[in-house]
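A.B. asks: Okay, here's the structure, questions in a sec.
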């Protein structure tokens, strides 16, 4: 009887071990919390700067696009550097199969965002861009959510909610919308990931 019990226990442990290995091999885990925090800080600084200097997406479309275009480049470079560092420390290639999946899954949203931004700038309705950017960003994350941890999927839904809020409730406050979404949500996610990777010592 005890032998059968041990056999069942061993089988359960083996299944759990296999499940754990499969989960690690199918999920992309090299997105650094530091890169997310950098993105949040860049977005926060950009939103505050555009707010203080009153860079209006409607009346100063070119300046607004240049400001947020620079923020996108800075956030991307920070994320790429921290991700590359984390992959190198783990002894793995940066341009792995999983990163290729994430990149290819996210590209359609990015391409559509560029097209819609151009359209909005052409018709003079760039004030709608923040809400559309948030929505497409959330959709992009959901498109690759199956290889990311659950908090990224929750983040995607937070951006979708922010999109609706920006387009309807905060339609006249694009700077506040960008501050709360791309700044606040990224900072919240980054802090959560930091505590997840480096939990407080437990007594």
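A.B. asks: Output the residues belonging to the stretch 111-127 that are touching a residue at least 40 places away in the same chain (Cβ under 8 Å) and either in a helix (DSSP H, G or I) or in contact with a strand residue (DSSP E or B) (Cβ under 9 Å, 6 or more places away or on another chain) (or both).
C.D. replies: 117, 121, 126, 127
A.B. asks: Considering 65, 154, 94, 128, which residue is in the same structural domain as residue 49 (by TED's automatic domain parsing), under 17 Å from residue 31 (Cα atoms) and modelled with pLDDT of 95 or more?
C.D. replies: Values: 65 fails: under 17 Å from residue 31 (Cα atoms); 94 fails: modelled with pLDDT of 95 or more; 128 fails: under 17 Å from residue 31 (Cα atoms).
Going through 65, 154, 94, 128 in turn, the sole match is 154.
A.B. asks: I need the full set of residues from the stretch 62-90 which are farther than 21 Å from residue 137 by Cα and surrounded by 18 or more Cβ atoms within 10 Å (Cβ to Cβ), in order please.
C.D. replies: At the first step, the residues of the stretch 62-90 found to be farther than 21 Å from residue 137 by Cα are 62-63, 84-90.
Within the stretch 62-90, 86, 87 meet the criteria.
The values are calculated or read from the model by the stated rules, or taken from the named source; none is laboratory data. Fair warning: this is a prediction, and the values are worked out from it, not measured in the lab. Neighbour counts run over all protein chains shown; Cβ positions are idealised from the backbone, glycine included.
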